[in-house]
């Protein structure tokens, strides 16, 4: 497992914030500080059939919405395969994220 991974995210909710900030950004994550990674329940609404949303929660309470393209669940999200899947995500998928829907 890689210790540091780089992801492009579609939305972020920092510790203490009440709402998600919907914006495309990049983040460098130390994998030792990741609490959980889960497939999003909003599939179908924000995916394009090839790029699927996942939530990453960090130990400081920050949460991220990331996308992975055609990711094999047998691979490790917090490793090279996850980074590569995130780098292959189509640009149009980031415009599918809605401030209203993610803050419900």
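Okay, here's what the table says:
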| read-out | value |
| --- | --- |
| Residue order, fewest to most surrounding Cβ atoms within 10 angstrom, among 93, 37 | 37, 93 |
| GNM top mover of 89, 35, 22 - the chain, alpha-carbon springs below 10 Å | 35 |
| Cα gyration tensor shape of the chain, rounded if a/c is under 1.5, else prolate or oblate by comparing a/b with b/c | oblate |
| Full-stretch length increase - residue 74, residue 28 - with 0.36 nm per residue and alpha-carbon distance subtracted | 14.3 nm |
| Inter-centroid distance (Cα atoms) of the range 46-79 relative to the range 1-39, Å | 9 Å |
| Ordering of 69-78, 2-11 by burial proxy (mean other Cβ atoms within 10 Å per residue, highest first) | 2-11, 69-78 |
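Just so you know, all these numbers are worked out from the coordinates, no wet-lab data involved. Because the structure is predicted, anything quoted here is derived from the model rather than measured. Neighbour counts are summed over all protein chains in view; Cβ atoms, including those assigned to glycine, are modelled from backbone coordinates with ideal geometry.
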